[in-house]
1. Tell me, in nm to one decimal, what length is gained between residue A:117 and residue A:142 on full extension, where the rule is 0.36 nm per residue of separation less the Cα-Cα distance?
2. When the scattering of the stretch B:120-272 is computed by the Debye formula from its Cα atoms alone, each counted once and equally, what is log10 I(q)/I(0) at q = 0.10, 0.13 Å⁻¹?
3. For a paramagnetic label modelled at 7 Å from the Cα of residue B:102 toward its Cβ, which residues of the stretch B:149-163 fall within the zone defined by backbone nitrogen distances under 18 Å?
4. In peptide B:103-111, how many Cβ atoms from other protein chains are near each Cβ within 10 Å, on average?
5. Counting C-alpha atoms alone, how compact is the protein assembly as shown: give Rg to one decimal and Dmax as a whole number, in angstrom.
6. Ranked by Cβ crowding within 10 angstrom, fewest neighbours first, how are A:95, B:33 ordered?
7. Based on DSSP H runs of at least 4 residues, each adding -39500 (n - 2.57), what is the mean residue ellipticity at 222 nm of chain B after dividing by all its residues, to the nearest 500 deg cm²/dmol?
8. Give me the angle, in degrees from 0 to 90, between the Cα long axis of helix A:42-91 and the longest principal axis of the Cα atoms of chain A, rounded to the nearest 10.
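All of the numbers you see were taken from the coordinates with simple rules; none came from a lab. Since the model is a prediction, treat every value here as computed from it, not as a measurement. Here Cβ is always computed from backbone atoms with ideal geometry, including for glycine, and neighbour counts include all displayed protein chains.
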């Protein structure tokens, strides 16, 4: 039981809970207690310190903005203007958009979840209402009526995840085969090296514009979700380079002993590639894919923001444009959600990597 | 042996040869360097009879490994010819099995799959059952019947080299090439594996050439010990026939009065 849970923790990359499990099993109390303090307590302390620092800093920034407003009011209308300004600040009529405090971010997050519940209730009610009509329309060969209301925060997250996975798989199916071909042929590698070196550092924004130029012309008559197509292709192209470079390196640097084995056994090219070269390049390929997932998630936000494809990027940008009292708090809440999901995606890839490769990652 | 002697085929280099499994003629290996050519082997001649076990000793860097990789077809021949089983060596092939110094197993495959990879290649026309039998037979021979389905990376160095031995023998090569196969092992494991090799070889009698640093190992295993001169321009310096009866046994051999004569001969050569 104990060993099993430790193995599971290790596999999903949460090995820092290992001492807690050992402690619960009553094993070597003193050693595991220090381990527990080192691996669990100290990180928690650092989180608390971070929140404290954030809280103090946010207060300070808020006060700077507030003092400035009061000062401006005093200059224009004296004491009475200050009093009205204070009232306006109190009522929220005059907004102060500074760094939100931790408490307001938590409130904003709760509001977003509550908002999501309201919207999904509306959505299911709507679908129930139009269910019959939709059946009729289907029989008549017409398109079904879909819900076109505002997407909730959770909807945005799901859309973003769809985009990032579509982009990731595009990167996977482009970069791994191309990387293998480049890794196997030195001539090809040196002849297209310039292309890799030039396109690798290009910014996500430029990738987006490039994809936009091409896809726009190709989809003039297509009435589907073009912005989704553009954003996932841009994400894929932006994120694929780490995998491409790593696959090339992995395939071109296979251990000479393995190559000799293939030669002595007279393996065919196909056998050599799939039985020897590819498996021995797996560790590097998966490291590349892990970087690709992280990069895909990172650039996604910027690309969604530009493409107006729904998702977290659009959400952040709209909140910024909105400038309501809790907009900044919502943006920070989204930031934590984005970071958290990025972390989870990386853990996921880490587990897949461990499962698929022969060396300890 | 008579069946072999009756065969009298003309070789592609124009010579007649029937009594040697391996015939090396004026073999030269030159590595071009910026400071001019570096001659590793110079006009080396060596003939190996059918079912003979040869070991080659010499100082580090004298070109022993170069010679072996050239026979294996993994290293280009600068001048001269190598004829193995009446065919001129032009490249690597499963008729010349190699046991490398590092076990060179594919770490992501099981011991079984590592052996099967080659067996599939060589016995492509046999049935699946035949191939399965061959792989299991040889893995059992080297004492791995319990670890057949373990992944190579989970096996110890010694066990990995056992798989290497099984893989080489399972392919039924004409010539077996061993490049310091036990060089990376501790002395206890080395002894064990030498015994495994002696035992398997006694049954299979595959013509073998083994490179070694170990004087005792060469006496235990070989019919003839080839002593190479130090490089550059290495040649065969001396040849020692080991006249012990087969099958050999390590314990009995050490008791034998001739053992120390052989040993002294080899050590004298290496020290001068």
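1. Extra length from residue A:117 to residue A:142 when fully extended: 6.0 nm.
2. Calculated log10 I(q)/I(0) at the listed q: -0.42, -0.69.
3. B:152-163
4. So the per-residue partner count for this stretch is 5.
5. Expressed in Å, the Cα Rg and Dmax of the protein assembly as shown come to 36.5, 125.
6. B:33, A:95
7. -11000 deg cm²/dmol
8. In chain A, helix A:42-91 runs at an angle near 30 degrees to the longest axis.
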